[in-house]
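K.L.:
The structure that follows is given in the form of structure tokens.
The values are calculated or read from the model by the stated rules, or taken from the named source; none is laboratory data. Since we're looking at a predicted model, the values are computed, not measured. Here the Cβ is made from the backbone with ideal geometry for all residues, glycine too, and neighbour counts use every protein chain on show.
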Amino acid sequence: MALRHFLTLRDLSTAELNRVIARAQELKKLQHENKLYQPFTGKVLGMIFEKSSTRTRVSFEAGMSQFGGSAIFLSPRDTQLGRGEPIEDSARVISSMLDIVMIRTFGHDIVERFASYSKVPVINALTDDHHPCQLLADVQTFVEHRGSIEGKTVAWIGDGNNMCNSYIEAAHMWGFKLKIAAPKGYEPKPEFLSEFAHCAELVESAEDAAVNADLIVTDVWASMGQEEEQKIREAAFADYQVNERLMSLAHPDCLFMHCLPAHRGEEISETMLDHLNAVVWDEAENRLHAQKALMEFLILENLKPN
């Protein structure tokens, strides 16, 4: 059997994604009840960070620890990725000493090349093109609060970035409708949109996206590495703030999510995180549970006999 990785949502079937979401809820219950579950004693997770992150590091490291295993944090100073040693060589060596690897980096080709030479499962913990782990947490959160996301309408408001790309894939995998409102010049790549025209569409304004939405999602206007564009982006995104007025256009029970960190007063209003239908803190916690379920799935899948 071929080695299983998780580089984009499409690396798992819809049934498998739903299994991971359901398992994440079970693991969350166990953790909240302080019940010990340590199936991976002696297993080691390698965490390769070329882009820093609070939530990603804490959730993966805590998750592996709760499973009875351990995690090794590798910063840009600690690896040779992109600094002389070919990625393929790094993958051969690193994966020979670990049981599973997560990578948070820039180009999506980096995780693809690493995975193609890895002896163990590789998880994409964020690239410039995709952020599939966040989608697991987001869908888990929606399911916990509203039930199945299939057939629902989701509004993405803001930059057509990696999060937006993963929402487009999620619409395809889970069968919901995605409306995308992005300023001119900041839309998702046309070739990506055209592939998923059956489930995702660009709309003219944030208001158009919000009308009748069951979930509204946004992200910062300037992601890591785009800080020098901050002022330009503030002007371009001025009409794309998620606020109480925008939420009033959606269904009364419409949820609001943000992958964090949030910039109050920019992509969201000062009080949006306190909105009655905001589930941002549950969403953040669910990174832990969803990623534990994902790691368990990948490790067990790759232990199956050929």
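K.L.:
Looking for whichever is of a type in the set (F, W, Y), in contact with a helix residue (DSSP H, G or I) (Cβ under 9 Å, 6 or more places away or on another chain), over 30 Å from G175 (Cβ atoms) and surrounded by 15 or more Cβ atoms within 10 Å (Cβ to Cβ) here; the options are F40, F60. Which one fits?
P.N.:
F40
K.L.:
If you don't mind, another one. If I filter the range 263-279 down to residues being assigned to a helix (DSSP H, G or I) and surrounded by fewer than 20 Cβ atoms within 10 Å (Cβ to Cβ), which single residue comes out as farthest from the chain's Cα centre (by Cα)?
P.N.:
That would be D274.
To keep it simple, each residue is scored yes or no on (1) of a type in the set (G, A, S); (2) at pLDDT 95 or above; (3) under 22 Å from A278 (Cα atoms).
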site	(1), (2), (3)
A206	yes, yes, yes
G225	yes, no, no
Q230	no, no, no
V242	no, yes, yes
S248	yes, yes, yes
L255	no, yes, yes
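K.L.:
Right, another one. Which residue pairs have Cβ atoms under 8 Å apart, sit 6 or more places apart or on different chains, and have a first residue in the range 73-95 that is modelled with pLDDT of 75 or more and a second that is among the basic types (K, R) and part of a helix (DSSP H, G or I)?
P.N.:
Going by the 8 Å Cβ cut-off, the qualifying pairs are F73/R57; I87/R113; E88/R113; A91/R113.
K.L.:
Further question on the same structure: Is there a residue in the range 180-190 that is crowded, with 17+ Cβ neighbours inside 10 Å, touching a strand residue (DSSP E or B) at 6+ places or on another chain (Cβ under 6 Å) and hydrophobic (A, V, I, L, M, F, W, C)?
P.N.:
Yes: one or more hits.
K.L.:
Let me ask something else. Tally time: how many residues in the range 151-196 are in contact with a helix residue (DSSP H, G or I) (Cβ under 6 Å, 6 or more places away or on another chain) and assigned to a loop (DSSP other than H, G, I, E, B)?
P.N.:
3
K.L.:
Test E285 against the criterion of being assigned to a helix (DSSP H, G or I) and not aliphatic (A, V, I, L, M), and give yes or no.
P.N.:
So E285 fits the description; yes.
K.L.:
A further question follows. Restricting the search to the range 275-298, which residues are among the polar types (S, T, N, Q) and out of contact with any Gly (no Cβ under 9 Å at 6 or more places or on another chain)?
P.N.:
Of everything in the range 275-298, those that are among the polar types (S, T, N, Q) and out of contact with any Gly (no Cβ under 9 Å at 6 or more places or on another chain) turn out to be N277, N286.
K.L.:
Now for a separate question. Here is a list: T141, T127. Which entry is assigned to a loop (DSSP other than H, G, I, E, B), among the polar types (S, T, N, Q) and at pLDDT 95 or above?
P.N.:
T127
K.L.:
Restricting attention to the range 201-220, does a residue exist that is of a type outside the set (V, I, T), free of Cβ contacts under 8 Å to residues at least 40 places away in the same chain, part of a loop (DSSP other than H, G, I, E, B) and touching a strand residue (DSSP E or B) at 6+ places or on another chain (Cβ under 9 Å)?
P.N.:
Looking through the range 201-220, at least one residue is of a type outside the set (V, I, T), free of Cβ contacts under 8 Å to residues at least 40 places away in the same chain, part of a loop (DSSP other than H, G, I, E, B) and touching a strand residue (DSSP E or B) at 6+ places or on another chain (Cβ under 9 Å).
K.L.:
Just checking, which of M102, M47, M64 is more than 30 Å from E150 (Cα to Cα) and assigned to a strand (DSSP E or B)?
P.N.:
Result: M47 is the single residue among M102, M47, M64 that is more than 30 Å from E150 (Cα to Cα) and assigned to a strand (DSSP E or B).
K.L.:
Then there is this: Give the number of residues within the range 67-99 that are of a type in the set (S, T, Y) and assigned to a strand (DSSP E or B).
P.N.:
Residues meeting the conditions: 1.
K.L.:
Another question about this same structure. Within the range 50-61, work out how many residues are of a type outside the set (K, R) and in a helix (DSSP H, G or I).
P.N.:
Looking only at that region, the number is 6.
K.L.:
Being aromatic (F, W, Y) and in a helix (DSSP H, G or I) is the filter; apply it to the range 105-117 and report the residue that is nearest to P132 (Cα to Cα).
P.N.:
Of everything passing the filter in the range 105-117, F114 is nearest to P132 (Cα to Cα).
K.L.:
Also, I was wondering about something else. Within the range 241-262, how many residues are at negative phi and either in a loop (DSSP other than H, G, I, E, B) or among the aromatic types (F, W, Y) (or both)?
P.N.:
Residues in the range 241-262 being at negative phi and either in a loop (DSSP other than H, G, I, E, B) or among the aromatic types (F, W, Y) (or both): 13 in total.
K.L.:
I'd like to verify a number: residues in the range 200-248 that are crowded, with 22+ Cβ neighbours inside 10 Å and β-branched (V, I, T), how many?
P.N.:
5
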